[in-house]
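Let me begin by presenting the structure, written as structure tokens, before commenting on it.
The values are calculated or read from the model by the stated rules, or taken from the named source; none is laboratory data. No experiment lies behind these values; they were computed from the predicted model shown. Please note: Cβ atoms are built from the backbone with ideal geometry, for glycine as well, and neighbour counts cover all protein chains shown.
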Amino acid sequence: MNVLTMYLIGGEEVMPVFTSEEEARLFLRSAPSRDAGWQIRPTTTGELVSILYGPCSAALGVALDPPPEAGDALTAGLVSISREVFIERILERRRVRRPDGLKTGRAS
């Protein structure tokens, strides 16, 4: 599986992740990726974690909804977080909390 990644100033590799198809389409129309043949594919939380530990394990971070001009390493750095923090946050969002605050498992 080939996954789109980008590099920040200093050479840190990050994977762009989008919250909507529209955001992804805007990004793919940008100059850095327009002619590369990339396609948009929705993923589940589990798939995303697997990609970050598998094909994108070299990526030290995730760029969240990078704007189309984020092909520029400086801009991409403004919207990125570490891979570990991103994974922790998306897995935590899957947990369902009872009214008393106790964790009850994962949402479907």
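The single residue among Val79, Val85 that is at pLDDT 90 or above and of a type in the set (A, V, I, L, M) turns out to be Val85. Here Glu22 clears all of (1) touching a Pro at 6+ places or on another chain (Cβ under 9 Å); (2) at pLDDT 90 or above; (3) charged (D, E, K, R) except the condition numbered (1). Among residues of region 58-82 that are at positive phi, those with a beta-carbon under 6 Å from a residue that is modelled with pLDDT of 80 or more and in a helix (DSSP H, G or I) at least six positions away or on a different chain give the pairs Asp65/Glu23. Identify all residues within region 7-31 that are surrounded by 15 or more Cβ atoms within 10 Å (Cβ to Cβ) and within 12 Å of Pro68 (Cβ to Cβ); write none if there are none. Hits for region 7-31 are Pro16, Phe18, Glu23, Ala24, Leu26, Phe27, Leu28, Ser30. Here is a check on your reading of the model: is Gly54 at pLDDT 90 or above, in contact with a Ser or Thr (Cβ under 6 Å, 6 or more places away or on another chain) and not aliphatic (A, V, I, L, M)? Against the criterion (at pLDDT 90 or above, in contact with a Ser or Thr (Cβ under 6 Å, 6 or more places away or on another chain) and not aliphatic (A, V, I, L, M)), Gly54 does not qualify. Residue pairs whose Cβ atoms lie under 6 Å apart, sitting 6 or more positions apart in sequence or on different chains, and linking a residue in region 2-15 that is in contact (Cβ under 8 Å) with a residue 60 or more places away in the chain to a partner that is of a type in the set (D, E, K, R), are Tyr7/Glu13.
Determine whether Val14 is at pLDDT 90 or above and of a type in the set (Val, Ile, Thr).
On the way: at pLDDT 90 or above: no; of a type in the set (Val, Ile, Thr): yes.
It is false that Val14 is at pLDDT 90 or above and of a type in the set (Val, Ile, Thr).
Summed over region 25-54, the residues that are in a loop (DSSP other than H, G, I, E, B) and of a type in the set (A, V, I, L, M) give a count of 3.
Scanning region 1-24 for residues that are in a loop (DSSP other than H, G, I, E, B) and in contact with a helix residue (DSSP H, G or I) (Cβ under 7 Å, 6 or more places away or on another chain) yields Val3, Leu8, Ile9, Phe18.
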